[in-house]
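The next block holds one structure in the form of structure tokens; read it before the comments.
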Amino acid sequence: MITHSPSSAVTSSSSLRVPLLDLRREYEASRGAIDEAVRTCFIHQQWINGPEVRVLEDAVARFLGGGYAVGVSSGTDALVLALRALALQRTGQEYFTRNDVIVTTAFTFTATGDAILRAGATPMFVDIDPETFVLDASHLRAALASEVGTRVVGIIPVHLYGHACDMDAIADIAVAHKIFVLEDCAQAFGARWRHRRIGTLGDAAALSFFPSKNLGGCGDGGMVVTNDAALASLVRMLRQHGGKDKYNVEHVGYNARLDTLQAAILRVKLPNVDAYNSRRRAIAAQYDDGLRGIPSIVTPAVHPAAFHVFHQYTIRVGRGARDGVVEYLTRDGIGTAVYYRTPLHRMALFSGDRSIRMDDLPHTTTAADTVVNLPIAPLQTEEETAAVIASLRAYAQ
Ligand SMILES: *Cc1c(COP(=O)(O)O)cnc(C)c1O
């Protein structure tokens, strides 16, 4: 059951505190079913690979429209295990080599690039589209035409903030160059590109069930989804020590299973995702309306082919203005975040010859310097959203 926020007259009430995210509300809305699902686990006591894991895997695969789903311990591990499985399938080796290049964006969470290093390959960062913040396919084409182009083995498009990448262009390029596509869906569960759900548009996809994500658990969790049965089977082996039999293995594996308890909770929350994503979209529309016409604030753009699920609602402010905006909102009791202040290519981990980039990534660095993430959660009320808008309007005056 979903409790919708009460709609009432929109009044600006600057005394209202608006948290960036209040996970307790989602728990309260589904409390009975979650408590029951947890109690069931305590009764059967099958904590490792319990029946709830397979039930969730099948339910997520159905939700996405088919294929195979393998529950793993986090979104980060989903990326690592998917890459390792792709290496095994495509090269016959346990790991990629430093000579193998995997293209992605630097305006993402650390794990996207870190997973490439952990799989043995070299990340290559290309720039984003300045309006939608996701990978610009023209830069992918340029990367493939560059002097390292022949070393590129794959691409990880990151559907950042809930906005899908241009999966038509990316799929065309991938087919033409025989490179793999691993979608990073950590922020975009339920999002679509031309009416098709992301997560099914490449060779494999990584999902994250980190508590704050659009489908979030009560702890870490993740999933690899793919239409390739052999690839799914490799991921299944890698998540459990590297073999079908963990007492007699053939690959360098991990202990990276999805918790039974998390699967039980996620199974209860999964049916709410589409309705919750609709709520996020309604809140985003309220922000769009309320912030329209403020010259110092740019609201997020949405590509016409993208069904945006607003994991984040991200505005851009003038260079040098961000600290002031954040401070002003904080004083008004409004939570904010900045995802991401440091793009990957500026982290020590990716310095030197650990990564490659085409140019200075101007749109990436501009985004890192100017974005502010506003509160957005499915059960945020209209009054709360109005309070954020009122505070920003007051600031801009
Ligand atoms: C959250 C996130 C991940 C990692 O997921 P975890 O479950 O936290 O390990 C990877 N990529 C992106 C873009 C993310 O936002």
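Throughout, read-outs are computed from the coordinates displayed, never taken from laboratory work. Note that the structure is a prediction, hence the values are computed from the model and not measured. Every residue, glycine among them, receives a Cβ derived from its backbone with ideal geometry; neighbour counts consider all protein chains shown.
Give the residue from CYS41, ALA275, HIS241 lying farthest towards the positive end of the charge dipole for the chain; charges sit on Cβ (+1 for Lys and Arg, -1 for Asp and Glu) and the dipole is referred to the Cα centre.
So the residue furthest toward the plus end is CYS41.
Run the Debye formula on the Cα coordinates of the chain, all scatterers equal and no solvent, and tell me log10 I(q)/I(0) at q = 0.07, 0.11 1/Å.
So the normalised log intensities work out to -0.32, -0.80.
Farthest toward the dipole's positive end in the range 84-159, which of VAL101, SER146, ALA119, given Cβ charges of +1 (Lys, Arg) and -1 (Asp, Glu) about the Cα centre?
It is ALA119.
For the chain, with only Lys/Arg (+1) and Asp/Glu (-1) charged at the beta-carbon, what is the dipole magnitude about the Cα centre, in debye rounded to 20?
380
So for the chain, taking the charge dipole from beta-carbon charges (+1 Lys/Arg, -1 Asp/Glu), which of GLY333, LEU215, LEU361 sits furthest toward the positive end?
Farthest towards the positive pole: LEU215.
Could you derive backbone 3J(HN,Hα) for the range 258-273 from the dihedral phi with the Karplus parameters 6.51, -1.76 and 1.60 (θ = phi - 60°), listing whole Hz in sequence and x where the residue is Gly or Pro?
7, 4, 4, 4, 5, 4, 4, 5, 5, 4, 6, 7, 3, x, 7, 4
Within 15 Å, Cβ to Cβ, of THR381, how many net charges do the neighbouring residues add up to if Lys/Arg are +1 and Asp/Glu are -1?
Working: positive: ARG17, ARG24, ARG25, ARG279, ARG280; negative: ASP22, GLU26, GLU28, GLU382, GLU383, GLU384.
Its environment carries a net charge of -1.
Given only helices, namely DSSP H runs of n ≥ 4 each adding -39500 (n - 2.57), what is the per-residue ellipticity at 222 nm of the chain, to the nearest 500 deg cm²/dmol?
Values: 13 runs with 154 residues, N = 397.
So the helix-based figure for the chain works out to -12000 deg cm²/dmol.
How big is D, in µm² s⁻¹, for the range 261-394 by Stokes-Einstein at 25 °C and 0.890 mPa s if Rh is the Kirkwood radius over C-alpha pairs? Mind dumping the intermediate values first?
Numbers: Rh = 16.9 Å.
Calculated translational D: 145 µm²/s.
Quick one: order LYS178, LYS213 by neighbouring beta-carbon count within 10 Å, fewest to most.
Details: LYS178 10, LYS213 20.
The fewest-first ordering by Cβ neighbours comes to LYS178, LYS213.
Highest GNM mean-square fluctuation, the chain, Cα pairs closer than 10 Å: which of PHE63, PHE210, PHE42?
Taking springs between Cα atoms under 10 Å, the residue moving most is PHE42.
State to the nearest 20 debye the size of the charge dipole of the range 156-218 about its Cα centre, where the only charges are +1 on K and R beta carbons and -1 on D and E beta carbons. Spell out each step's value before the answer.
Numbers: 6 positive and 6 negative charges, 43 e Å.
Here the range 156-218 has a charge dipole of around 200 debye.
When the Cα centres of the range 148-183 and the range 325-397 are compared, how far apart do they sit, in Å?
Computed from Cα coordinates, the inter-centre distance equals 25 Å.
Explain nothing, just the number: dipole magnitude of the range 119-262 about its Cα centre with +1 on each Lys and Arg Cβ and -1 on each Asp and Glu Cβ, in debye rounded to the nearest 20. Don't skip to the end; give the middle numbers.
Details: 13 positive and 16 negative charges, 106 e Å.
The calculation lands at about 520 debye.
By count of other Cβ within 10 Å, fewest leading, how are SER146, SER296 ordered? Display every interim value, and only then the final one.
Details: SER146 16, SER296 13.
Ranked by crowding around the Cβ, least crowded first: SER296, SER146.
Bin by bin, in steps of 10 Å, what percent of the Cα pairs in the range 96-213 do you find, going until the bin that has the longest distance?
15, 50, 31, 4, 0
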